[in-house]
Amino acid sequence: MKMKNSMKIGRWQLHWIMLALITLCFASCKDDNEEQGGGFDPDKPVVVSDFIPKVGGLATRMVLYGDNFGNDPSRVKVIIGGQNAKVIGVNNQNLHCIVPARAYDGDIKVIIVDDNGDEVAHAVSESNFVYKKKMLVSTFLGDYVEKESDRIIKDGPFGDCGSFRTMRWLTFDPQNPNHMYVASQQGGTRLIDFENEYVSTFTTNIDNVSCVNWTLDGDMIVTRDHGSDTSIGNFMFTRASGFTSRTDVSRGRGVKATAIHPVNGEMYFTRFRAGDVQRYDFETGTLETIFQNPYGGVHFMLMIHPTGDYGYLVESERHYIMRTDYDWETKRFTIPYLVCGAAANAGYADGVGSSARLNWPMQGTFVKNPDYEAQGGDQYDFYFCDRDNHAIRKLTPMGRVETFAGRGNNGTWGYNDGDLRLEARFNWPESIVYDELRKCFYVGDTRNFLIRKIGYEE
């Protein structure tokens, strides 16, 4: 197995070395072609004899081999699968281009044009490129505005629903996969209706909503972040009432996030000022402190694994993630321990355990990975927003942190769609949810005032 993987890596490296050498040759070859009359000859046919690689997706760098391509990139067009490819360089017998999006059919055509852009000759490859769909970042909802003062928050259809503000939590209704809720501490809780393609304001008469979650019966728990020890921190809206009947559940100051155990149904929530994790039992109505957080007065959240075996304690302001295991006998979570990052040590680095560096990790979501099925054990990766690193990171069951999306073009923050790592950029992503029905992620990109989508191109 190791030898097979090594061979794959070698071929991939060889391919890129060849591309690099061809790219370096373009400038010198162009001069040589001009001196030797190597430009396009209208009396000779254009020929496409071969191309590499044979398989790829969007943004794959391709080299076409043949004859009579000319040496002027402005006079050459490449069509792959009916889509225009970007031509990088040409030296009469080699042509370098980038595979465009949605080039599904894979047929390749090279067109030579005159000064007016009219076709004078063309050639078609005998074989087709095999186009593989890849995951991309795109803009799902919202209007992008450069100035914050220009944003408009409004209800409306998907194409005209304004911007989104301070998106602290995203969640799907477990009994209605076409309803996604956006918890915002400034813009109000919003309902995204996929079936009717409409965005509306969900009226709860609660301000500073930091989280929306669900009981095992499907009732809605709305969490309010406030500064009073005597005020309600969690409210329940019953499904039977159409989420209009409200019941006060628990008091708490600075409640940042709430989680429901997926099997036993008790509720847990984190408190900012007190720096602890509280457990609420719906059957008995009792509230108790489970454990103290290592730090008080900091933003932290608990997110529970789908099996209920453990949860991740995401320490936003201290830039690390801990794990708390669930005791099935006592029905309580136990004292947490470090999984990744380093306490009070912000940074950006992929790695395992304490060698990884995070910068304000926020909401995360567990996603089942089919590649783990054969090896057994934990089947889920944990994808989370690394807010101040402007990226979406992935935490594996083995404690490895990898950058999944963002920081494209060797940058950090910004706004750009495209390839997960090469092009995509975010600006303060704070919330993320995985859509099981549509097999994609949605990300609350707060400072771009948009909801972004990460999924396979359509």
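The values are calculated or read from the model by the stated rules, or taken from the named source; none is laboratory data. Values in this document were obtained by computation on a predicted structure and should not be read as measured data. Positions of Cβ are backbone-derived with ideal geometry, glycine not excepted, and every protein chain shown enters the neighbour counts.
Restricting attention to the range 296-332, and to residues there that are among the aromatic types (Phe, Trp, Tyr) and in contact with an Asp or Glu (Cβ under 7 Å, 6 or more places away or on another chain), which single residue is surrounded by the fewest Cβ atoms within 10 Å (Cβ to Cβ)?
Taking the range 296-332 as the starting set, the residues that turn out to be among the aromatic types (Phe, Trp, Tyr) are 300, 310, 312, 320, 326, 328.
Now restrict to residues that are in contact with an Asp or Glu (Cβ under 7 Å, 6 or more places away or on another chain): 300, 310, 326.
On the way: Phe300: 25, Tyr310: 17, Tyr326: 20.
That would be Tyr310.
Of all residues in the range 361-378, which are in contact (Cβ under 8 Å) with a residue 12 or more places away in the chain and in a loop (DSSP other than H, G, I, E, B)?
Asn369, Gly377, Asp378
Pick from Asp381, Asp388, Asp350, Asp419: which is out of contact with any strand residue (DSSP E or B) (no Cβ under 8 Å at 6 or more places or on another chain) and either touching a residue at least 12 places away in the same chain (Cβ under 8 Å) or charged (D, E, K, R) (or both)?
Sole residue among the options that is out of contact with any strand residue (DSSP E or B) (no Cβ under 8 Å at 6 or more places or on another chain) and either touching a residue at least 12 places away in the same chain (Cβ under 8 Å) or charged (D, E, K, R) (or both): Asp388.
Can you pull out every residue in the range 207-219 that is surrounded by fewer than 18 Cβ atoms within 10 Å (Cβ to Cβ) and at pLDDT below 95?
Asp207, Asn208
Could you run through the range 392-430 and say how many residues are out of contact with any Ser or Thr (no Cβ under 8 Å at 6 or more places or on another chain) and closer than 19 Å to Cys340 by Cα?
Residues that pass the stated criteria total 10.
Having 2 or more residues that are closer than 21 Å to Val255 by Cα is the bar; report the strands (runs of 3 or more DSSP E) wholly within the range 300-349 that clear it.
Those strands (runs of 3 or more DSSP E) span 300-304, 310-315, 320-327.
Starting from residues that are among the hydrophobic types (A, V, I, L, M, F, W, C) and not in a strand (DSSP E or B), keep the ones in the range 108-154 and report whichever is surrounded by the most Cβ atoms within 10 Å (Cβ to Cβ).
Here the residue is Phe129.
Does the range 155-173 hold any residues that are of a type outside the set (D, E, K, R), free of Cβ contacts under 8 Å to residues at least 60 places away in the same chain, farther than 10 Å from Leu450 by Cα and crowded, with 17+ Cβ neighbours inside 10 Å, and which are they? Please lay out each step first, then the result.
Pass one, the range 155-173, residues of a type outside the set (D, E, K, R): 156-159, 161-164, 166-167, 169-172.
Among the residues that remain, those that are also free of Cβ contacts under 8 Å to residues at least 60 places away in the same chain are: 156-159, 161-162.
Subsequent filtering for residues that are farther than 10 Å from Leu450 by Cα retains 156-159, 161.
Result: Cys161, single match.
Every residue, every condition in (1) outside the structural domain of Gly311 (by TED's automatic domain parsing); (2) hydrophobic (A, V, I, L, M, F, W, C); (3) under 21 Å from Ser316 (Cα atoms), yes or no:
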{"site": "Gly347", "(1), (2), (3)": "no, no, yes"}
{"site": "Ala356", "(1), (2), (3)": "no, yes, yes"}
{"site": "Trp360", "(1), (2), (3)": "no, yes, yes"}
{"site": "Gly364", "(1), (2), (3)": "no, no, yes"}
{"site": "Asn389", "(1), (2), (3)": "no, no, yes"}
{"site": "Thr396", "(1), (2), (3)": "no, no, yes"}
{"site": "Gly411", "(1), (2), (3)": "no, no, no"}
{"site": "Gly418", "(1), (2), (3)": "no, no, no"}
{"site": "Arg425", "(1), (2), (3)": "no, no, yes"}
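On the given criteria, is Asp41 surrounded by fewer than 19 Cβ atoms within 10 Å (Cβ to Cβ), among the charged types (D, E, K, R) and in a loop (DSSP other than H, G, I, E, B)?
Criteria met by Asp41.
Consider Thr270 carefully, then state whether it is of a type in the set (S, T, N, Q), farther than 21 Å from Phe235 by Cβ and either part of a strand (DSSP E or B) or in the same structural domain as Glu436 (by TED's automatic domain parsing) (or both).
So Thr270 fails the test.
Of everything in the range 232-251, what is touching a Leu at 6+ places or on another chain (Cβ under 9 Å) and either assigned to a loop (DSSP other than H, G, I, E, B) or buried (at least 19 other Cβ atoms within 10 Å of the Cβ) (or both)? Give them in sequence order.
Within the range 232-251, just Ser250 meets the criteria.
Scan (1) of a type in the set (S, T, N, Q); (2) part of a loop (DSSP other than H, G, I, E, B); (3) at pLDDT 95 or above for the single condition Ser49 breaks and write down its number.
Unmet condition: (2).
Please state which of the following conditions Gly188 fails to meet, knowing it meets all the rest: (1) out of contact with any helix residue (DSSP H, G or I) (no Cβ under 8 Å at 6 or more places or on another chain); (2) in a strand (DSSP E or B); (3) buried (at least 17 other Cβ atoms within 10 Å of the Cβ).
For Gly188, the exception is condition (2).
What's the number of the only condition in (1) of a type in the set (A, V, I, L, M); (2) touching an Asp or Glu at 6+ places or on another chain (Cβ under 6 Å); (3) in contact (Cβ under 8 Å) with a residue 24 or more places away in the chain that Ala183 fails to meet?
Looking at each condition in turn, Ala183 falls short on (2).
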